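Written below as structure tokens is the structure these notes are about.
What follows draws every value from the coordinates through simple rules; no lab data is involved. Computed from a prediction, not measured in an experiment: that's the story for all the values here. All Cβ positions, glycine included, derive from the backbone under ideal geometry; neighbour counts span all protein chains shown.
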Amino acid sequence: MSDLDELLAVFARAPELGRVKTRLSPPLTADEALELHRALVEDTLEKLDAIERPGLSRVLLLTRPLLHGNDLDIPRSWTVGIQSGGDLGERLASVFYNSFRRGARKVLILGSDSPTLPREVIQDAFDGLERADVVVGPATDGGYYLIGAKLFLPELFRGISWGSAEVLQQTKRALQVLGTRFELLVPWYDIDRAQDLEKLRQELVYLSRYHPELVPRRVAAALPASSDNEYSLGPDF
């Protein structure tokens, strides 16, 4: 059967108090971490909902079913599914395997922790799969925020130290061993640590001044204020 052309999948934890954004608590309380996580997911879905590509399917893959129907505000164009079991590599591999089995030509998987990632990067990723077999979005912490492919390569998800700063390098080595054509996208950052919150605050200040239409509105509302009244843009912004 063939009911897919291009698939855009978002991996996210289901919102649950004390189970999301735990590395941000402290400085955030558990309630603040939950609210920020929910905002990150919802803003990501809203942003990606505006991507216009013929034959594009969108799926939100959660770690477990939602306990309540109003736990997340999910746009109508998104299908909701549950991630398979196993470690992150096994869960990623499962999506690629099943998507290609259903006839997909291109599959992109990304997380929900990069709220200011430009929507154009997703378009670039799909376009990159016209030239390469795999595209990878490098995260500044040594992992990746996105991976896409147009063929199933289970070797990309084996022997990877998930959650470490070695994920990107290990993935690149696997691609080189396979002799697979790949492209790297623009580097971006995830919201995982306390210092990421400060970077996000700085970027939101910049966007609100110069590009207010790009501000992730739910994240901006959920992000607790810093003890500093003013933020200056860092040298690596």
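Each label point was placed 7 Å from the Cα along the Cα-to-Cβ direction; for R64 and Y210 their separation is 4.3 nm.
Rounded to whole numbers, the Karplus 3J(HN,Hα) couplings from phi for the range 35-44 are 5, 5, 4, 4, 5, 4, 5, 5, 5, 4 Hz, using 6.51 cos²θ - 1.76 cosθ + 1.60 with θ = phi - 60°, and x at Gly and Pro. Between the range 129-182 and the range 73-122, the C-alpha centres lie 15 angstrom from each other. Tell me, rounded to the nearest percent, the portion of alpha carbon pairs in the range 6-192 spaced more than 23 Å apart. The calculated P(r) of the range 6-192 puts 40 percent of pairs beyond 23 Å. Using Cβ point charges alone (K and R +1, D and E -1), the dipole size of the chain about the Cα centre works out to roughly 700 debye. Ordering T180, L17, L48 by the projection of their Cα atoms onto the charge dipole of the range 6-192, which places +1 on the Cβ of Lys and Arg and -1 on the Cβ of Asp and Glu, puts T180 at the extreme positive end. Per-residue ellipticity at 222 nm computed for the chain from its helices equals -10500 deg cm²/dmol, with DSSP H segments shorter than 4 residues left out and the rest contributing -39,500 (n - 2.57).
Backbone amide hydrogens, once placed in the peptide plane, bring E183 within less than 5 Å of V134, V135, V136, excluding anything fewer than 5 places away on its chain. Straight-line reach from K172: taking Cα to Cα under 14 Å and skipping same-chain neighbours fewer than 8 places apart, the aspartates and glutamates in range are D133, E155, E183.
Between the Cα long axis of helix 88-101 and the first principal axis of the chain there is an angle of about 50°, rounded to the nearest 10. Ranked by the mean number of other Cβ atoms within 10 Å per residue, highest first, peptides 64-71, 164-171 order as 164-171, 64-71. Each of the peptides 132-144, 105-117 was scored by the mean count of other Cβ atoms within 10 Å over its residues; in descending order, highest first, they stand as 105-117, 132-144. Once both labels are positioned 7 Å from their Cα atoms along Cα-to-Cβ, the gap between D124 and A225 label points is 3.5 nm. Secondary structure note: in the chain, about 30% of the DSSP beta bridges are antiparallel. Taking 0.36 nm per residue of sequence separation and removing the Cα-Cα distance, the R131/A194 pair yields an extension gain of 18.9 nm.
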